[in-house]
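Student: Input: one structure, supplied below.
Since every read-out is calculated from the coordinates, none of them should be taken as a lab result. Since we're looking at a predicted model, the values are computed, not measured. Cβ sites come from the backbone with ideal geometry, for glycine too, and all protein chains shown count toward neighbours.
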Amino acid sequence: MGERNSVLKADWPSNDRPYEIAFGEGVEQRFQIKFAVAILKAKSRVLPILGIELAGWDVIAVATTPQELVRLALKDTPYSESALKRLATETCSRVNTGNSIYALAVHGLILVCKSPGASVGREITQSKLEDLAAHEFMHLVQFQLAGSASSNDRPDQASAERGPIWLLEGSAQAFANAVAFDRPAWTGRLAAMRKFPDGLPDLNELEHREMRSRAPIPVYFGGMIGAVDPVDKSGFPAIAKFYEILGRRGGWQRAFEEAFGISVDTYYTLFAEMERVNTQGAPLSGWLLRD
Ligand SMILES: [Zn+2]
């Protein structure tokens, strides 16, 4: 609505209120300000980087306990209490296992759980906060554009509605890299490549959502390389285009080919074979353009 008919754009909910951030009582004010700025930065980069504006509004809940997260999210989202409980518990359980802050996004909602004592500038660096905010914000963009499977859907169904998990997480990583570090996509790609000294993962095996927990490094960092390669060819807006086409439910493979101008199978072969650095280890950019 409004993407094609500009008259309808005047009615977009995001014109008045692009998102709502709700903080729990245990979240200190200094963190609230830093977090709000990080979200604002991510939001402000959507149009220049991805070339799109968003119609809807989203809710972002930040708290130090799952109970608080549920309370905040219940007020403004259509999710059931039991669904929110499950999501909030999962989010905060990651904080207890060593992270100072952890976030999770579903359609229209980001849940952020932070350790009560952790503050920006000490346990949480500014760039980590911006990276996290931009990564999750990219998920809101993807879900708004494509619609999104609920977290209870079968893995194959989720893959049909969200596209492959390597691209979902990989493009969120790539967007976060561009926002938080303000550097060319290929520098993030180079850093990601160092995680695979024995060769890149096979993207074909990283399509289904359960691979995110089974093989997180390949999904997030292999996926980031996989997302940046087509960016080299078509620019970041091609990623937004992919999710928009995906929303028309014609199948993700077709959306991929239409958005990136290359079939998934051909791309997977290129991904495995292509050189991304020269003999001095410096990044080569635009390799897909050389064909
Ligand atoms: Zn993610």
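Student: Can you find, among Phe35, Gln144, Val179, the residue farthest towards the positive end of the dipole of the chain? Put +1 on the C-beta of Lys and Arg, -1 on that of Asp and Glu.
Tutor: Phe35
Student: Measure nothing but the geometry: give the 0 to 90° angle between the long axis through the Cα atoms of 66-76 and the longest principal axis through the Cα atoms of the chain, rounded to 10°.
Tutor: Between the helix axis and the principal axis of the chain, the angle is about 90 degrees.
Student: Return the equivalent ellipsoid semi-axes of the chain as a descending list in whole Å, where each equals the square root of 5 times an eigenvalue of the C-alpha gyration tensor.
Tutor: Values: eigenvalues 180, 101, 68 Å².
Working through the eigenvalues yields semi-axes of 30, 22, 18 Å.
Student: Can you tell me the dipole magnitude for region 1-148 around its Cα centre, using point charges on the Cβ only (Lys, Arg +1; Asp, Glu -1), in Debye to the nearest 20?
Tutor: Numbers: 16 positive and 16 negative charges, 50 e Å.
It works out to roughly 240 debye.
Student: Picking from Trp57, Leu104, Gly24, whose Cα lies most toward the positive end of the charge dipole for the chain (charges on Cβ: Lys, Arg +1; Asp, Glu -1)?
Tutor: Farthest along the dipole direction, towards plus: Gly24.
Student: Hey, in the GNM for the chain with a 10 angstrom Cα cutoff, which one of Gly250, Gly147, Gly108 fluctuates hardest?
Tutor: Most flexible of the set in this elastic network: Gly250.
Student: Sticking with this structure for a sec: Taking amide H positions as placed in the peptide plane 1.01 Å from N, state which residues far from Leu284 in sequence (5 or more) or on other chains have amide H under 5 Å from it.
Tutor: The list, which skips near neighbours in sequence, is Val277, Asn278.
Student: If a/c stays under 1.5 just call it rounded; otherwise compare a/b with b/c (prolate if a/b is bigger, oblate if not). Do that for region 1-148, with a ≥ b ≥ c from the square roots of the Cα gyration tensor eigenvalues.
Tutor: Prolate.
Student: In addition: Would you kindly work out the equivalent ellipsoid of region 37-119 from its C-alpha gyration tensor and give its semi-axes, the square roots of five times the eigenvalues, largest first in whole Å? Mind dumping the intermediate values first?
Tutor: Details: eigenvalues 113, 58, 19 Å².
Three semi-axes, in Å: 24, 17, 10.
Student: Given charges of +1 on the Cβ of Lys and Arg and -1 on the Cβ of Asp and Glu, with all other atoms neutral, how large is the dipole of the chain about its Cα centre, in debye to the nearest 20? Display every interim value, and only then the final one.
Tutor: Working: 32 positive and 35 negative charges, 112 e Å.
Charge dipole, the chain, about its Cα centre: 540 debye, nearest 20.
Student: Sticking with this one: Give the lysines reachable from Lys85 as a straight Cα distance under 17 Å; neighbours fewer than 8 places away on the same chain don't count.
Tutor: Lys75, Lys114
Student: Cα atoms only: what Rg and Dmax, in Å, come out for region 155-291?
Tutor: 13.9, 44
Student: On to the next question. Classify region 74-225 as rounded, prolate or oblate, taking a ≥ b ≥ c as the square roots of the eigenvalues of its Cα gyration tensor: rounded when a/c is under 1.5, otherwise prolate if a/b is larger than b/c and oblate if not.
Tutor: Numbers: a/c = 1.64, a/b = 1.11, b/c = 1.48.
Verdict is oblate for region 74-225.
Student: Under a Cβ-Cβ cut-off of 14 Å, what is the net charge of the residues other than Thr65 that fall near it, where Lys and Arg count +1 and Asp and Glu count -1? Please list the in-between numbers first.
Tutor: Working: positive: Arg71, Lys85, Arg94, Lys114; negative: Glu25, Glu68, Glu90.
My count for the surroundings of Thr65 gives +1.
Student: Considering Cα pairs under 8 angstrom that are at least six residues apart, work out the relative contact order of the chain and quote it in whole percent.
Tutor: Reported relative contact order: 15 percent.
Student: Report the residue, chosen from Asp76, Asp131, Asp229, that carries the largest GNM mean-square fluctuation when the chain is represented by alpha-carbon nodes joined by springs under 10 Å.
Tutor: Asp76
Student: Only counting other Cβ atoms within 10 Å, I'd like Val264, Val277 sorted with the fewest neighbours first. Spell out each step's value before the answer.
Tutor: Working: Val264 19, Val277 13.
Fewest to most other Cβ atoms nearby, the residues stand as Val277, Val264.
Student: Placing +1 at every Lys and Arg Cβ and -1 at every Asp and Glu Cβ, with all other atoms neutral, what dipole size does region 155-291 have around its Cα centre, in debye to the nearest 20?
Tutor: Here the size comes out at about 380 debye.
Student: Before anything else, pin down the relative contact order of region 155-291: Cα pairs under 8 Å, at least 6 apart, normalised by residue count, whole percent.
Tutor: Values: 176 pairs, mean separation 41.0, N = 137.
Once normalised by length, the contact order is 30 percent.
Student: Something else now. Helix 126-146 against the longest principal axis of the chain: what's the angle in degrees, Cα atoms only, rounded to the nearest 10?
Tutor: 80 degrees
Student: Right, another one. Considering only Ile101, Ile124, Ile239, give the residue with the highest GNM mean-square fluctuation for the chain, with springs between Cα atoms whenever their separation is below 10 Å.
Tutor: Ile124
Student: Further, regarding this structure: In terms of the Cα gyration tensor, with a ≥ b ≥ c the square roots of its eigenvalues, is region 184-245 rounded because a/c is under 1.5, prolate because a/b exceeds b/c, or oblate?
Tutor: oblate
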